[in-house]
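The values are calculated or read from the model by the stated rules, or taken from the named source; none is laboratory data. Remember, it's a predicted structure, so these values are computed and weren't measured experimentally. Cβ placement follows ideal geometry from the backbone for every residue including glycine, while neighbour counts extend to all protein chains displayed.
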2 protein chains.
Amino acid sequence: MSVKSDNSTEQKILEAAESVFHEKGYDGARMQEIADKASINKGLLHYYFKSKDALFDAIFGMALKRMMSNINAILSTDIPLEEKIDLIVDGYMNMLSRNSSLPRFVIMELNKDPDRFIAKHLNGSIQNVFSSFIDSVQKEIDAGRIRPIDPRHLFMNMISMIIFPYVGRPMIQVVAGLDNKEFQGLMQERREVIKLFIKQALKA
Amino acid sequence: MSVKSDNSTEQKILEAAESVFHEKGYDGARMQEIADKASINKGLLHYYFKSKDALFDAIFGMALKRMMSNINAILSTDIPLEEKIDLIVDGYMNMLSRNSSLPRFVIMELNKDPDRFIAKHLNGSIQNVFSSFIDSVQKEIDAGRIRPIDPRHLFMNMISMIIFPYVGRPMIQVVAGLDNKEFQGLMQERREVIKLFIKQALKA
DNA sequence: GTCTATATCATGATAGAC
DNA sequence: GTCTATCATGATATAGAC
């Protein structure tokens, strides 16, 4: 489960499945297309993963993990709020620049049956990690170093500015009239833009 | 195309199709389920809309229009930036609170073949409307009333904070440990939270 | 306009040879 | 392990009675 650069058949399947599932989602994905991309046939595909569901679970589990792992690690460490925010922005933007279709995939599938997926893939791994973030924010507010703000809203704002452009890319490009090159250019600047935006918004 | 409270068969179909397509997406939607929800049978469904594609186009066109119309109207009017931002936030949050599944649906489907959908449904309706927003921002910067910022990033930040929570709701609820009631409560406060956050972030 | 029945096709999955 | 059939199901779409 999740070997990286092994060129075995199983690995070829996982890579093919990832690309197809990410692009088309569970419902739109075809076992035939996955087999083709892995340069094998459907029979062999079912030999390695007995069902489409089983294959999907493998892919989705990896995606969810990649999507959540950063947040967990950072939220739970005991560093000043400003550093925490910078780490989250940098860590996430970094990961997303390499996995631009990841959040759309996770969000789309997670939405089909939230409870089921959460129960299946996140066995209580994320619990009161978030309370550590709330504490950090509250501490800064109490000390008068930032203006009063509900930590949950701050978190939503941050995570929204980071993730949404990747998810809503086509819409943004249409409305703002951006071609691919312009969009990519903006994405590279965005790390610093977001950090500054948040910092300014929090000034006491 | 797009009559509202007419209880004809066509209207029942459109309402049923909207709910099913929004919830399951094109690939996950079943003509049978739409027929059931509209209390008719598949034969009649195909009598009104000759194919699943045709029915989907009707639904998606309406969704895209609802999603884009507000922005257009507001961006193109000639009012001060701060009012423009407030109008966008209020208008969107208002619309989204009544159509919470809309952005996810549009984003997911738009992504499957961006160019095709845009060519089909947005015949140049959005053009240089956005340049009016850029001008507004630049004017404020030049006058020293807000700090320098790339208007495109400002736009992304704004639209992200508005839309993302609706799209990424399950993920946010998991990470932040929010139950449905808490989440809905936050969504109601959010209008003012976002406006203030932006205002602070733009202070000269 | 509305229904039932059926044609047609695509897909996930299995069986069995090599 | 890998391949070539083939099955079984379920979905869109159509035909035709009422």
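Tabulated results
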{"item": "Residue in the stretch A:98-118 that is surrounded by fewer than 19 Cβ atoms within 10 Å (Cβ to Cβ), facing chain B (nearest Cβ under 10 Å) and small (Gly, Ala, Ser) present", "result": "yes"}
{"item": "Scan of the stretch B:170-195 for residues that are closer than 14 Å to A:Ser160 by Cβ and either touching a residue at least 60 places away in the same chain (Cβ under 8 Å) or not assigned by TED's automatic domain parsing to the domain that holds B:Glu82 (or both), ordered by number", "result": "B:Met187, B:Arg190, B:Ile194"}
{"item": "Condition met for A:Val129 (β-branched (Val, Ile, Thr), within 30 Å of B:Ala63 (Cβ to Cβ) and in the same structural domain as A:Ile88 (by TED's automatic domain parsing))", "result": "no"}
{"item": "Residues that are over 23 Å from B:Tyr26 (Cα atoms) and among the charged types (D, E, K, R), drawn from the stretch A:13-72", "result": "A:Glu15, A:Asp36, A:Lys37, A:Lys42, A:Lys50, A:Lys65, A:Arg66"}
{"item": "Any hit, the stretch A:70-77, residues being in a helix (DSSP H, G or I) and farther than 22 Å from A:Met95 by Cα", "result": "no"}
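Yes or no, residue by residue, for (1) at pLDDT below 95; (2) within 16 Å of DNA strand D (Cβ to nearest atom); (3) not aliphatic (A, V, I, L, M):
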{"position": "B:Asp6", "(1), (2), (3)": "yes, no, yes"}
{"position": "B:Met31", "(1), (2), (3)": "no, yes, no"}
{"position": "B:Leu44", "(1), (2), (3)": "no, yes, no"}
{"position": "B:Ala63", "(1), (2), (3)": "no, no, no"}
{"position": "B:Ile79", "(1), (2), (3)": "yes, no, no"}
{"position": "B:Ile118", "(1), (2), (3)": "yes, no, no"}
